[in-house]
Amino acid sequence: MRNFKIALAQFSPLIGNIQKNAENMLQQAEQAAKQGAQIIVFPELSLIGYPPEDLLLRPSLAARIEKGLKHLSQAKNIIIVAGYVHVDEDGKRYNSAALIHHGQIIGRYHKQNLPNYSVFDEQRYFEAGHQHLIFEHQGHKFGVLICEDIWVEKNTKQLKSLGAETILVLNASPYEVSKPQQRQQLVSKLAAENDVRIVYVNQVGGQDDLIFDGASTVINQNGDVAARAKLTESELLLVDFDAETKQYVQQNVAPALDSIPEIYQLLVMAVRDYVNNSGFPGIVLGLSGGIDSALTLAIAVDALGADRVQALMMPYTYTAQISVEDATEQAKRLGITFGIAEINPIVNGFMQTLYPFFGDSPMDTTEENLQARSRGTLLMALSNKFGNLVLATGNKSEMAVGYCTLYGDMVGGFAPLKDVYKTIVFELAKYRNSIAKTPVIPERVITRPPSAELRPDQKDQDSLPAYEILDSILYMYIEEDLSQDSIVAKGFDAEVVNKVIALVDRNEYKRRQGAIGPRISSRAFGRERRYPIVNGWKAGV
């Protein structure tokens with residue numbers, strides 16, 4: 001057995017652009033070879049990107065994949081382990097890994113465990129494989145697994161029994177809070193229990209509502225971390241194997257982050273990738289002087305730079321002067337394009353036009369919603385005129401209980417805080433200020449009571465419980481699927497619990513029409529939590 005070097009290619013494929021991904025992968029393979037690597041490992045389905053969804057059903061898929069593999073096979077002096085879609089003669093598709101050397105595919109592995117829970121839907125597209133793959137290099141035996149396979153313990157044990165000394169794992173593992181830590185604990189446990197080394201390569205980048213955090217890791221057979229790539233960044237991580245100690249040499253171990261810094265960095269990446277990969281020149285958002293839009297603005301500037309961000313303050317009769325002042329101050333601190341547009345004439349015009357229909361009906365939320373919808377119309381007009389993407393600024397707490405206006409503050413193509421509870425919004429805002437020489441969010445925005453400012457002296461807590469209570473109830477009902485009785489049994493007021501759950505249940509129709517946003521929880525609204533809009537299920541019965 002001799003020394004060797006492995007490269008972990010943590011990168012962000014552009015879904016569907018097989019040729020561009022192949023070119024990117026070839027460049028990384030050539031770079032790794034120049035740096036002395038004999039093996040390079042890419043993420044799951046890296047040739048097409050993950051998740052490709054119904055692109056897998058396109059009739060030209062097999063031809064495009066074949067062309068991409070041929071391009072990738074031009075790499076010299078390095079063994080490539082790359083994720084791709086294998087299409088057999090019968091048209092069956094497999095989530096696969098190709099072992100490429102000297103321009104030839106010398107081995108294939110088909111993923112054996114196809115996840116069909118949470119955000120995953122692989123059984124819709126793929127057949128399951130049934131055989132392991134072992135290959136040898138420099139007297140060292142390698143096994144190959146793909147993502148979900150590593151979570152099924154028997155696979156690691158079987159590879160060990162077949163003589164594998166290092167297991168190469170290709171992954172496209174979506175982020176959720178604490179998931180990087182869970183993955184490392186699992187991999188370290190499997191390595192130590194089976195006396196194997198594990199090379200875990202993960203995709204990085206934002207893809208629609210999914211975030212791939214990276215954190216690719218090399219684990220020695222005692223469970224210790226030998227190398228770890230950074231969160232949110234593409235990285236070609238090289239690690240040496242020492243034949244004398246039979247260990248991967250410890251080097252380049254990126255530090256793990258606490259949850260709030262981790263979430264913030266990943267939200268920034270999600271916005272950056274969504275805007276850039278969609279081809280938008282920049283973004284525009286409504287800046288109200290409140291905490292949600294303030295945090296969204298900070299994320300947007302960190303993602304794209306101040307020169308690509310525009311914000312509009314749209315005051316009305318009930319807008320406090322301090323809201324205008326705080327919005328103006330934040331825009332100045334961040335150096336963005338900023339303007340103020342009074343909406344009184346627009347709202348009054350709506351009211352005059354509707355008067356023949358409304359007559360002397362008493363004012364209610366209808367008039368409040370006209371304010372939000374006037375603002376939404378202005379933002380969409382700016383988007384249409386200059387091509388910038390509108391960012392919606394609502395958070396998960398508001399989306400859960402319907403504390404938002406369709407075609408008003410819900411307008412936008414992407415919602416960075418959609419899966420972020422209000423209490424976490426405050427923590428993220430404090431964190432962003434803590435890493436700046438001068439706080440980018442005025443302190444008053446963080447400390448003043450939240451308000452939609454749709455009527456005189458309005459406060460969110462006029463119609464909602466305190467956010468600490470609300471978010472606790474929402475978490476138990478949404479993430480943990482607890483019943484009303486179970487939540488009440490934990491010490492929460494029954495009337496409050498019943499009200500919150502009723503709000504969640506009857507506002508599914510709003511959530512279905514909202515913009516997508518990056519998933520950070522184990523139960524995000526969208527592809528993961530799917531309830532019928534019209535149904536007769538009664539909570540608590």
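Brief remarks on what is shown
- Candidates Ala392, Ala372, Ala400, Ala381: the one that is free of Cβ contacts under 8 Å to residues at least 12 places away in the same chain and either touching a Ser or Thr at 6+ places or on another chain (Cβ under 8 Å) or among the aliphatic types (A, V, I, L, M) (or both) is Ala381.
- Per-region count, the range 375-412, residues among the hydroxyl-bearing types (Ser, Thr, Tyr) and either surrounded by 22 or more Cβ atoms within 10 Å (Cβ to Cβ) or not assigned by TED's automatic domain parsing to the domain that holds Ala300 (or both): 3
- Strands (runs of 3 or more DSSP E) wholly inside the range 90-184 that include at least 3 residues being farther than 29 Å from Met269 by Cα and not β-branched (Val, Ile, Thr): 93-101, 104-110, 134-137, 140-146
- Evaluated against (1) at pLDDT 85 or above; (2) over 24 Å from the mean Cα position of the chain (by Cα); (3) more than 25 Å from Gly412 (Cα to Cα), Trp537 falls short on exactly one condition, (1).
- Qualifying residues in the range 74-111 (those that are surrounded by 20 or more Cβ atoms within 10 Å (Cβ to Cβ) and of a type in the set (S, T, N, Q)) - the one farthest from Ile516 (Cα to Cα): Ser96
- Of residues in the range 16-50 being touching a helix residue (DSSP H, G or I) at 6+ places or on another chain (Cβ under 8 Å) and assigned to a loop (DSSP other than H, G, I, E, B), the one surrounded by the fewest Cβ atoms within 10 Å (Cβ to Cβ): Gly16
- Residue count for the range 259-289, restricted to those that are in a helix (DSSP H, G or I) and either under 21 Å from Gln181 (Cα atoms) or at pLDDT below 95 (or both): 12.
- In the range 171-220, residue farthest from Ala82 (Cα to Cα) [restricted to those that are within 19 Å of the chain's Cα centre (by Cα), hydroxyl-bearing (Ser, Thr, Tyr) and buried (at least 23 other Cβ atoms within 10 Å of the Cβ)]: Tyr175
- If the condition is being among the hydrophobic types (A, V, I, L, M, F, W, C) and either at positive phi or assigned to a strand (DSSP E or B) (or both), then the range 193-209 contributes Ile198, Val199, Val201, Val204.
- Members of the range 62-72 that are buried (at least 19 other Cβ atoms within 10 Å of the Cβ) and in contact with a strand residue (DSSP E or B) (Cβ under 7 Å, 6 or more places away or on another chain): Ile65, Leu69, Leu72
- Among (1) in a helix (DSSP H, G or I); (2) hydrophobic (A, V, I, L, M, F, W, C); (3) modelled with pLDDT under 95, the one test that Ala256 misses: (1)
- Residue in the range 51-62 that is assigned to a loop (DSSP other than H, G, I, E, B), under 20 Å from the mean Cα position of the chain (by Cα) and among the acidic types (Asp, Glu) present: no
- Among the residues of the range 278-294, not a single one is among the charged types (D, E, K, R) and surrounded by fewer than 21 Cβ atoms within 10 Å (Cβ to Cβ).
- Members of the range 210-249 found to be in a loop (DSSP other than H, G, I, E, B) and within 26 Å of Gln27 (Cα to Cα), listed by number: Ala215, Ser216, Ala229, Lys230, Thr232, Glu233, Ser234, Val249
- Verdict on Asp457 being modelled with pLDDT of 95 or more and out of contact with any strand residue (DSSP E or B) (no Cβ under 9 Å at 6 or more places or on another chain): no
The values are calculated or read from the model by the stated rules, or taken from the named source; none is laboratory data. All figures in this text were calculated on a predicted structure; none of them were measured in a lab. Cβ: placed from backbone, ideal geometry, glycine included. Neighbour counts: every protein chain shown.
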